[in-house]
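Below is one structure; the comments refer to it alone.
The values are calculated or read from the model by the stated rules, or taken from the named source; none is laboratory data. This one's a predicted model, so the numbers in the text were calculated from it and none came from an experiment. Virtual Cβ from ideal backbone geometry, glycine too; neighbours counted across all protein chains shown.
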Amino acid sequence: MNKKAMILMVGGLILSLTGACLAKMSAQQVINQMRGAYEQRMSGIDDLTMVTKGTAGIMAMMGESTIYQKRAEIAGKTVYKTRTEIQFMGKPLITIYDGEYEWSVDPISGQVKKEKKDFAPDWTRIWEVLDLSQMQYVGTDDLDGEAAHVLKMDDLTEGIKKLMPVPPQAGPSKEGEWSGWAKMWINAKNWVFMRMQIVMTGTSEEGKEMTNRITSDFKDYRQVQTMLIPHQMTYKMEVEIPDMSPEEKQMMLGMMGAFMEGEMIVTKVEVNTGLPADLFDGTKLEAGEPMFKIPEMPEK
């Protein structure tokens, strides 16, 4: 056997073995690998500060946002206390997750709200919201030139719904009137999240059947100390309404406008700066003037 034939044979064997290994993966194994890689990268990270900026679509209206995270042990479990500060229409919106409760100032009433939470929604820890009984491994795919494991969730869980909020114009008017499924792409080499696609079907307020397809991409991963952080996040929404006239569809798309897509980039990351505990103390939030005022209805 000549040298060229030997190289081809060995190369083919490697490819076939790699394909066989990928094919044998399960949803549980993929999530375990993803979680293990994340925990290893975060093992030396005590706190994190990240500044993001919306550059397109609805996200551009939010301007700069700052996310603070601090590792803590609560009831024997590692959690990441989180504080998010968003500038929306020139006014600050602050949300604090202290490991047990989520605190925020209601933009309508101006009052401080406190709600029990099991986790702070975070794409980098997607396993916190997954119901593995709904997950199945469907194979591999090539995404932007990289191999990815593809998982499918046949029935959306509440956690996934919270990670992917839907503008009111884009979905059914009442909770529970729609159903859907989701797919997610996990990098087969470094186990980072690459894409989430959610497809929802339901009935609009006008009684028309509609399907929403929302695709979120996480790109431009960069090494920050031991972490891999996506520096570009985008989403795009597509709406299908079979029985809607072209004029009605054009009107609806015009109303939804900037909600149809968006882009956010990371402009700054700082690690282990010694963030103070008070930053994550929800009791220190103060009530303020309502951001949005609901007009009073005239008396009859």
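The set of residues from segment 182-230 being more than 16 Å from the chain's Cα centre (by Cα) and small (Gly, Ala, Ser) comprises Ala188, Gly202, Ser204, Gly207.
The set of residues from segment 251-292 being exposed (fewer than 10 other Cβ atoms within 10 Å of the Cβ), at pLDDT below 90 and not in a helix (DSSP H, G or I) comprises Glu286, Glu289.
Screening segment 114-132 for residues that are among the hydrophobic types (A, V, I, L, M, F, W, C) and part of a loop (DSSP other than H, G, I, E, B) and picking the one that is nearest to Ile31 (Cα to Cα) gives Leu130. Taken over segment 81-96, the criterion of being touching a helix residue (DSSP H, G or I) at 6+ places or on another chain (Cβ under 8 Å) and assigned to a strand (DSSP E or B) is satisfied by Lys81, Thr82, Arg83, Ile86, Gln87, Phe88, Ile96. The set of residues from segment 53-80 being surrounded by 14 or more Cβ atoms within 10 Å (Cβ to Cβ) and part of a loop (DSSP other than H, G, I, E, B) comprises just one member, Gly63.
With respect to Gly36, determine if the residue is of a type outside the set (A, V, I, L, M), exposed (fewer than 15 other Cβ atoms within 10 Å of the Cβ) and modelled with pLDDT under 80.
Details: of a type outside the set (A, V, I, L, M): yes; exposed (fewer than 15 other Cβ atoms within 10 Å of the Cβ): yes; modelled with pLDDT under 80: no.
The answer is no for Gly36.
Provide a single number: the residues in segment 208-241 that are free of Cβ contacts under 8 Å to residues at least 24 places away in the same chain, of a type outside the set (Asp, Glu) and crowded, with 16+ Cβ neighbours inside 10 Å. Going through segment 208-241 one residue at a time, the tally reaches 1.
Would you be able to say whether some residue in segment 131-153 is among the charged types (D, E, K, R) and exposed (fewer than 13 other Cβ atoms within 10 Å of the Cβ)? Yes.
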